[in-house]
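See below for the structure under consideration.
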Amino acid sequence: MVSVSDFAGRDVITVNEFRRDEIVFLLDAAAQFEQVTGTLLAGRVIATLFFEPSTRTRLSFESAVGRLGGSCVGFAEAGVSSQAKGESLADTVRVVEGYSDLLLLRHPLEGAARLAAEVAQIPVVNCGDGAHQHPTQTFVDLYTMQRECGRIDGLHVVFAGDLRYGRAVHSLVSVLTLFNARITLVSPQFLRLPEEQRRTLETLGVEYREMESLEASLPEADVLYMTRVQRERFTDPTEYDKFKDAYTLDMSVLQNARDSLAILHPLPRVQEIAREVDVHPHAAYFRQAHYGVAVRKALMALILGHADKVLA
Ligand code: CP
């Protein structure tokens, strides 16, 4: 039986640290937090240490803090922090933990959030570490599936695009194994899901298939999770140029899909979803970005030990 105390003071570094019942508890909490505003986090200070660009993750966290009466300190790029003078991540964390109650970290290096959690005496939430994981994005994605499809269990989810470098994909694929999802992976060979993750799926006996054709993947899908080709992770720009236009979802491609197909994307998008798709009734990606506030309100309230004032 999960309770609010299971989340108090907890780090969020990867999705794999969460059991299915804990994730379900968090998603239920997010639903109850949707309309909540007030002073629940009054006097609490949240630090946003973003060493990589972000719009949704940082601003939805900041919006969530503001709606609950807390305040934020932090920076939105490495260049304006003392990292530019040579300060280590560990030292930055040691300093900022004295200014705040919760540390939100985005960093280009895989493992940075784990390192910060080992150093910090306050909870750390991984807001994306390199191509590794993006756990709060996954909670938002699951919440979106629940809201848009009415369930998560047993959904057939098609992932399309950059499955090699996309950290949102890595987290979500990993956690969908807890929800008996069927998984289809659509990518060029070069952008396949990393071997380690494919092996994990096989070890867990998860039903999955790989294809290169987006059109052919769609007829049986419940959810399409489109992704951007992650230019910032390529060491060779000519490789990026080769794959940047690998897929474009437009209305003609959607003719192969069920009318009820839910279209998700962690955003930002570049060209992989045509603007004409935005008016599709099940184009959920902007709603998905907005659900981030409710999910992050619930998560922070739980970690900081204030959620019992809201949860029935
Ligand atoms: N989905 C996501 O992580 O978006 P940002 O990079 O804008 O935070």
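Brief remarks on what is shown
- GNM flexibility winner over the chain from MET145, MET211, MET226 (Cα, springs under 10 Å): MET211
- Net length gained if the chain between LEU204 and VAL80 were fully extended (0.36 nm per residue, minus Cα distance): 40.3 nm
- Using every pair of distinct Cα positions in the range 135-289, the Kirkwood expression returns a hydrodynamic radius of 15.4 angstrom.
- Packing-based ranking of 164-173, 212-221 yields 164-173, 212-221, ordered from highest to lowest mean Cβ neighbour count within 10 Å.
- The Cα atoms of the range 75-223 give a gyration tensor whose axes a ≥ b ≥ c have a/c of 1.5 or more with a/b greater than b/c, which makes the shape prolate.
- Site pair PHE190 and LEU59 shows an inter-label distance of 3.2 nm when each label is modelled 7 Å from Cα along Cα→Cβ.
- Rounded to 10°, Cα long-axis angle of helix 285-303 versus longest principal axis of the chain: 30 degrees
- Between the helical axis of 56-67 and the longest alpha-carbon principal axis of the chain there is an angle of about 40 degrees.
- In a fully extended conformation the segment linking THR238 and GLU17 would gain 75.9 nm over its present Cα-Cα distance, using 0.36 nm per residue.
- Counting DSSP beta bridges with both ends in the range 135-289, the antiparallel % (nearest 5): 0 percent
- ARG275-VAL95 pseudo-label distance in nm [points 7 Å out on the Cα-to-Cβ vector]: 4.3 nm
- Rounded tilt (10° steps) of 135-149 against the dominant C-alpha axis of the chain: 60 degrees
- Rounded to the nearest 5, the antiparallel percentage of DSSP beta bridges internal to the chain is 5%.
- The residue among LEU311, ILE273, LEU218 whose Cα reaches farthest toward the positive pole of the charge dipole of the chain, with charges on the beta-carbon of Lys, Arg, Asp and Glu, is LEU311.
- The range 3-65 shape via C-alpha gyration tensor axes, a/c threshold 1.5: oblate
The numbers here are math on the coordinates, done by the rules we state, and not lab data. Since we're looking at a predicted model, the values are computed, not measured. Every residue, glycine as well, gets a Cβ built from its backbone with ideal geometry; the counts of neighbours run over all protein chains shown.
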